[in-house]
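The values are calculated or read from the model by the stated rules, or taken from the named source; none is laboratory data. Just so it is clear, the model here is predicted, and its values are computed rather than measured. Neighbour counts are summed over all protein chains in view; Cβ atoms, including those assigned to glycine, are modelled from backbone coordinates with ideal geometry.
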Amino acid sequence: MKSAPKLAQCPEDSGAEVAFAGRSNAGKSSAINRLTGNSKMAKTSKTPGRTQLINFFSVDEHDGMRLVDLPGYGFAKVPLKVKQEWERNLEYYLQHRQSLRGLVLLMDIRHPLTDFDTTMINWAHEAGMPVRILLTKADKLKRGPAMSTLLSVRKALDPYGALVEAQLFSATRGDGLEDLQEQLDVWLLTRFEDEDEITPAE
Ligand code: GDP
């Protein structure tokens, strides 16, 4: 639909959208490609010079359901001022975007819960925004270590309550794909139906 360098240039704040975030290299493009079966989508965000853009993808023909690819964070080369500006933008987006239904936060299963991951979770939590954490590249670990990482991440997330959940994910093997799809259905479709029911009465 649109690539916006600033939140002010985002599409109209109506309908429903789900945002994807994570450190660069966490596997965000691979996950979006696997999810949508469309390798053009996440490639857009990898075009050099576009990494600091928020990319909006329409899921339905009316643009009322959107996937939002947030720039990967953790680029060492980005100047501090740009980084701080972007962090302010992200915080604002998470806390003020009315159509945002949930955040998918991707973390390499071998390096979960970095400082900025935790900052993102805190921002979302303060805004009452549900978060689904994907422990990506789960195929890189054997079943036992993958499960024990999942359990320890869940334990660390315990204080946030039910709005922050974690699951395993592998874009290459397809692990966790159905769980993620079910969550996206709930976020993008359920509230829509609720709104349809509310609208005529207003
Ligand atoms: P992004 O920077 O977050 O968009 O990350 P990418 O999707 O480009 O992935 C970064 C690297 O991790 C690439 O080399 C991918 O091939 C690899 N990768 C991504 N997902 C998986 C996965 O599920 N399993 C494995 N083994 N590698 C993955």
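Take the conditions (1) in contact with a strand residue (DSSP E or B) (Cβ under 6 Å, 6 or more places away or on another chain); (2) within 14 Å of the ligand (Cβ to nearest atom); (3) at pLDDT 80 or above; residue 45 misses just one of them, which is (3).
Name the residues in the stretch 104-138 that are within 22 Å of residue 188 (Cα to Cα) and basic (Lys, Arg), would you? Within the stretch 104-138, just 132 meets the criteria. For the stretch 106-138, the candidate set comprises residues that are acidic (Asp, Glu) and over 16 Å from residue 70 (Cα atoms); within that set, the residue that is farthest from the ligand (Cβ to nearest atom) is 126. Residues in the stretch 87-105 that are closer than 14 Å to residue 18 by Cα and more than 16 Å from the ligand (Cβ to nearest atom): 93, 94, 95, 96, 97, 98, 99, 100, 101, 102.
Scanning the stretch 127-140 for residues that are touching a strand residue (DSSP E or B) at 6+ places or on another chain (Cβ under 9 Å) and either surrounded by 15 or more Cβ atoms within 10 Å (Cβ to Cβ) or of a type in the set (Asp, Glu) (or both) returns 127, 129, 130, 131, 132, 133, 134, 135, 136, 137, 138. Any idea which residue in the stretch 106-132 is farthest from residue 18 (Cα to Cα), counting only those that are in contact (Cβ under 8 Å) with a residue 24 or more places away in the chain and acidic (Asp, Glu)? Filtering first and then ranking leaves 108. The requirement of being touching a residue at least 60 places away in the same chain (Cβ under 8 Å) and over 15 Å from the mean Cα position of the chain (by Cα) is satisfied by residue 64.
Pairing residues of the stretch 134-148 that are under 19 Å from residue 105 (Cα atoms) with residues that are among the small types (Gly, Ala, Ser) and more than 10 Å from the ligand (Cβ to nearest atom), at Cβ distances under 7 Å and at least 6 apart in sequence or on separate chains, gives 135/166; 138/146.
Listed by first and then second residue, the pairs linking a residue in the stretch 16-29 that is more than 14 Å from residue 53 (Cα to Cα) and within 10 Å of the ligand (Cβ to nearest atom) to a residue that is of a type in the set (D, E, K, R) and assigned to a strand (DSSP E or B), with Cβ atoms under 8 Å apart and 6 or more places separating them unless they lie on different chains, are 23/108; 25/108; 26/108; 27/108; 28/69.
Any residue that is at pLDDT 95 or above, touching a Lys or Arg at 6+ places or on another chain (Cβ under 9 Å) and under 22 Å from residue 63 (Cβ atoms) - is there at least one of those in the stretch 135-146? Within the stretch 135-146 (the criterion being at pLDDT 95 or above, touching a Lys or Arg at 6+ places or on another chain (Cβ under 9 Å) and under 22 Å from residue 63 (Cβ atoms)), the answer is no, since none of the residues qualifies. Restricting 124, 171 to those that are buried (at least 19 other Cβ atoms within 10 Å of the Cβ) and farther than 23 Å from residue 3 by Cα reduces the list to 171.
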